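K.L.:
One structure follows; several queries about it will come next.
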Amino acid sequence: MEKTAYEIQKERIKELEGKAAELLEKCDVVTLASVNEKGYPRICTINKIEAKGFSEVYFFTSKRSHINGKATHFQNNTKASGCYHLGGDSVTLIGNVEIIEDMNIKKEVDKYCDRNFFKKGVEDPKSFLLRFITNEATFWIEGKFRTCKYKVKL
């Protein structure tokens, strides 16, 4: 029995998603954009600490600035975009950032917290754990291009 066009497309998407997850696993740094207090995008590079595929990505940041920093931006507007690449392959993500305040979750990733920057690790009041949740991904992997939308499951 031949596969339908829909089944073929689903297989192609699953393959791209798997490669996107593998690509992120190899990337230590992600470019992350927040929306600043004037409504402009603000892009920075940030170390990825953990990822669940490409649908959830975790980062640490600091709240040193009450106006200009990512933590403040995400407290005021959760919209975000992230991008990562390796070689000629790249993935651009659109989604929302949640600031994780649950100390049990923070302690699970405490080993990734930079002790040079945060002396008390996740217990430092300026240490913020960010969770990026993907609702759209644009893949450019091995010369294949596709944009997919996702339902957010929280």
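K.L.:
Taking a cut-off of 14 Å between Cα atoms, list the aspartates and glutamates near Lys107, but don't count ones fewer than 8 places away on the same chain.
P.N.:
The reachable aspartates and glutamates, counting only those whose Cα sits under 14 Å from Lys107, are Glu50, Glu123, Asp124.
K.L.:
Which value in Å does the Kirkwood hydrodynamic radius of segment 7-49 take, with 1/r averaged over all unlike C-alpha pairs and then inverted? Walk me through the numbers on the way to the answer.
P.N.:
Working: mean 1/r = 0.0791 Å⁻¹.
Computed over segment 7-49, the radius equals 12.6 Å.
K.L.:
Another question, then. Calculated from DSSP H runs of 4 or more alone, at -39500 (n - 2.57) each and per residue, what is the 222 nm mean residue ellipticity of the chain, nearest 500? Display every interim value, and only then the final one.
P.N.:
Numbers: 3 runs with 35 residues, N = 154.
Here the helix-only value at 222 nm equals -7000 deg cm²/dmol.
K.L.:
My understanding is that a pair violates if its Cα-Cα distance is over 23 Å; which of Lys63/Lys151; Lys14/Lys52; Lys79/Lys119; Lys48/Lys79 do that in this structure? Can you show the working numbers first?
P.N.:
Numbers: Lys63/Lys151 30 Å; Lys14/Lys52 15 Å; Lys79/Lys119 29 Å; Lys48/Lys79 18 Å.
In this structure, Lys63/Lys151; Lys79/Lys119 lie more than 23 Å apart at Cα.
K.L.:
Radius of gyration and Dmax for segment 5-149's Cα atoms, expressed in Å?
P.N.:
Calculated on Cα positions, Rg and Dmax stand at 16.1, 55 Å.
K.L.:
In a solvent-free Debye calculation with one equal scatterer on each Cα, what is log10 I(q)/I(0) for segment 100-154 at q = 0.16, 0.21, 0.26, 0.29 Å⁻¹, listed in the order of the q values?
P.N.:
So the normalised log intensities work out to -0.66, -0.77, -0.96, -1.13.
K.L.:
Provide the packing ranking of 124-135, 95-106, i.e. peptides ordered by the mean count of other C-beta atoms within 10 Å per residue, highest first. Write down the numbers at each step before the final one.
P.N.:
Details: 124-135: 19.0, 95-106: 15.1.
Per-residue Cβ counts within 10 Å, averaged per peptide and sorted highest first, yield 124-135, 95-106.
K.L.:
Given +1 on the Cβ of Lys and Arg, -1 on the Cβ of Asp and Glu, and no further charges, what dipole in debye does segment 5-149 carry about its Cα centre, rounded to the nearest 20?
P.N.:
Working: 24 positive and 21 negative charges, 96 e Å.
I would put it at about 460 debye.
K.L.:
Using a cut-off of under 11 Å, list every residue of segment 115-154 whose amide N is near the label point 7 Å from the Cα of Arg12 along the Cα-to-beta-carbon line.
P.N.:
What the label zone holds, given the 11 Å backbone N cut-off, is 144-147.
K.L.:
Report, in whole Å, the centroid distance computed from the Cα atoms of segment 61-115 and segment 117-142.
P.N.:
3
Each value in this text was obtained by applying a stated rule to the coordinates, not by laboratory testing. Being a predicted model, the structure only gives us computed values, none of them experimental. Cβ: placed from backbone, ideal geometry, glycine included. Neighbour counts: every protein chain shown.
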